[in-house]
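No lab work stands behind these numbers, since they all come straight from the coordinates. Source: prediction; values computed, not measured. We place every Cβ from the backbone using ideal geometry, glycine too, and count neighbours over all the protein chains shown.
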Amino acid sequence: MIKMEIDQVIKHPLSTEKSIRLMESENKLIFVVDRRANKKEIKEAIEKEFKVKVDKVNVMNSIKGEKRAYVKFSAENPAIDVATQLGLM
């Protein structure tokens, strides 16, 4: 498999009511990612891009044809800090 570049993996963060609720309650953010990206590539891209530690990545293919990554950050890296960097908050 071809290794994807960081800027190819992450398309954009989702800023919905659900994503804000997940950020506050479970320390997670939701990103729309490239359909070809796997969990390992997504984790590496997020860690390099935002210089944080990622605990877990879950992916879901939406009905619209998007691939969404639910990224759980470690306790020492609050998701709200990453959201602030992205301009979501």
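Below is a table of values for the structure above.
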read-out	value
Qualifying residues in segment 18-38 (those that are without any contact (Cβ under 8 Å) to a residue 24 or more places away in the chain and basic (K, R)) - the one nearest to P78 (Cα to Cα)	R21
Test: residue in segment 78-89 that is at positive phi and in a loop (DSSP other than H, G, I, E, B)	yes
Hits in segment 41-76 - residues which are assigned to a loop (DSSP other than H, G, I, E, B) and within 19 Å of R21 (Cβ to Cβ)	S62, A75
